[in-house]
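Here is the structure we will look at.
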Amino acid sequence: MIKVEGLVKSVQDRVILKDLNFTLKQGEIAVILGRSGIGKTVFIKTVAGLLPYEKGIVEVDGMRVNPYNYTDMKIIWSKIGFVFQYGALLDSLSTIENIGFGLKENGFKEKEWKRIAFEKLEAVGLDKSVAGLMPAQLSGGMKKMVSLARALALSPNYLFYDEPTAGLDYSMVVRITSLIGNINKILGIASLIITHDLYLAKKFRENIYFLKDGRLVKPPKKVTLEDFYDE
Amino acid sequence: MFREIGKIVLFMVRALKGFPYVIKKPRLILKEVYRVGVLSLPMVIFTSIFVGIVTTIQTAYQTNAALPKYLIGATAFRIILIELSPVVISLVVCGRIASFISAELGTMKVTEQIDAIKTMGLDPHKFLAFPIILATTISLPLLVIISEILATYSSMLSARWMLGLPYSIFIYGMKTFFVMKDLVGGLLKTIFFGFVISIIATYYGINTGFGAEGVGKATTYSVVTSSALILIFDFFVAFGVFT
């Protein structure tokens with residue numbers, strides 16, 4: 001379980017997250033909506049231990065998230081997969097090397113990491129022909145798919161998605177949304193999704209939060225997401 | 001300023017902990033030795049040849065026929081060993097590698113590649129910074145040895161062609177006034193310069209701020225700080241070893 005209590009986080013003297021509380025149980029999907037620049041990425045990166053925070057408690061399976069304690073973070077990061085907004089693929093490595101990178105550097109033999117990497121490439125619906133392509137040769141949507149395959153390769157318990165559908169055409173949005181749902185259902189991986197895409201949010205309506213004034217607010221069931229968003 | 005120094009020291013300690021990890025992966029070190037050392041060779045060769053030529057001309061001009069001719073060889077050789085090759089090559093290599101290391105790591109930071117590496121359980125200080133630090137610390141003294149050989153040869157050749165000084169006289173001066181301390185002192189400081197350049201470059205790269213502006217700033221700070229540190233430490237070595 002991911003537990004956040006009383007989280008306070010500032011960026012350049014501006015308080016972004018104020019006394020924020022949140023929980024994500026094993027197997028759940030939570031969607032965080034909010035305007036651009038409100039602090040959604042700051043929130044997800046803070047929970048993932050990529051950014052330090054001033055006050056509060058952030059725990060993953062009972063372990064305290066503290067970016068300065070690398071020993072603990074290594075254990076926490078082994079449970080978290082992160083799909084970055086622009087993919088964050090390593091420029092100098094091919095698609096398949098990117099997917100298998102974490103496995104290879106964590107001691108997997110070449111035959112084994114390549115087997116897993118090809119398996120994950122297929123799992124996200126990409127053709128084997130892209131395996132040898134460099135990140136610069138991939139489209140925005142493909143980069144996100146590869147980023148997802150890379151996160152899945154390390155068998156995480158939690159998947160964090162930072163704007164998984166931003167900047168993609170409708171067909172790609174539908175494809176990624178369905179993939180996120182399937183990963184959650186089939187593999188039972190809990191997902192935390194940061195987005196401002198209402199199509200994606202509506203698919204996982206049960207657990208939607210709005211980030212507003214540094215806190216997470218649940219929209220009332222009677223109000224449509226569009227109306228709540230406008231407010 | 002003291003806070004920044006403290007951060008750099010902590011960064012250095014964290015990066016050096018990468019030794020046991022990186023030593024098991026020699027390909028990481030070899031890759032960086034190639035990028036830092038081998039790819040700097042053309043610049044080092046070009047600089048060294050002209051360093052040798054100019055040193056000879058300046059030495060001849062300064063002595064102005066008032067001193068025996070063999071002193072041109074002695075003086076040029078000692079200046080090349082003690083000061084010119086170690087410092088000029090360190091500054092030239094610093095300009096090249098500090099900028100590219102900081103720009104590369106900075107771009108990785110702003111495009112979230114460093115965050116991605118972290119989430120895969122790898123420490124970028126150990127995985128990215130330490131191989132660069134080790135490779136630069138090894139490569140710079142080797143580049144300086146190559147530079148010393150080339151600069152001495154170009155000095156000798158230019159003394160022969162431009163000043164009509166026979167090789168035998170030049171070599172006589174070199175041999176007569178050679179002191180091992182000059183060679184060792186010159187090389188030892190380049191080990192230190194290599195270490196400093198790479199620490200500063202990786203520190204500013206990994207701690208880059210936001211966007212393209214952040215990368216630009218990191219690159220500038222990296223080159224300026226490491227160049228200044230080379231000159232400051234050169235003074236301490238000159239004061240401690242050669243006075």
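The values are calculated or read from the model by the stated rules, or taken from the named source; none is laboratory data. It should be emphasised that the depicted structure is a prediction, and the values quoted were computed from it without experimental measurement. Don't worry about glycine lacking a Cβ; one is built from the backbone with ideal geometry, like all the others, and counts go over all protein chains shown. These accessible areas exclude ligands, DNA and RNA; they are computed on the full protein's heavy atoms, side chains included. Shrake-Rupley method; radii C 1.70, N 1.55, O 1.52, S 1.80 Å.
Of note:
- Selection within the range A:71-88 - open to solvent by 10 Å² or more (accessible area, probe 1.4 Å) and assigned to a loop (DSSP other than H, G, I, E, B): A:SER78, A:LYS79, A:GLN85, A:TYR86
- Within the range B:141-182, tally of residues that are more than 30 Å from B:VAL196 (Cα to Cα), aliphatic (A, V, I, L, M) and out of contact with any Phe, Trp or Tyr (no Cβ under 6 Å at 6 or more places or on another chain): 5
- The requirement of being touching a Leu at 6+ places or on another chain (Cβ under 7 Å), within 12 Å of chain B (Cβ to nearest Cβ), modelled with pLDDT of 90 or more and within 15 Å of A:GLY125 (Cα to Cα) is fulfilled somewhere in the range A:152-175, by at least one residue.
- For the range A:57-70, the criterion of a residue being assigned by TED's automatic domain parsing to the domain that holds A:HIS196, more than 17 Å from the chain's Cα centre (by Cα), over 13 Å from A:LEU216 (Cα atoms) and assigned to a helix (DSSP H, G or I) is satisfied by at least one position.
- Residue that is most open to solvent (accessible area, probe 1.4 Å) [pool: residues in the range A:5-34 that are within 21 Å of A:ILE183 (Cβ to Cβ) and of a type in the set (S, T, N, Q)]: A:GLN26
- Within the range B:106-136, the residues that satisfy the criterion of being under 28 Å from the mean Cα position of the chain (by Cα) and either outside any helix (DSSP H, G or I) or more than 12 Å from every other protein chain (Cβ to nearest Cβ) (or both) are B:GLY106, B:ASP123, B:ALA129, B:PHE130, B:PRO131, B:ILE132, B:ILE133, B:LEU134, B:ALA135, B:THR136.
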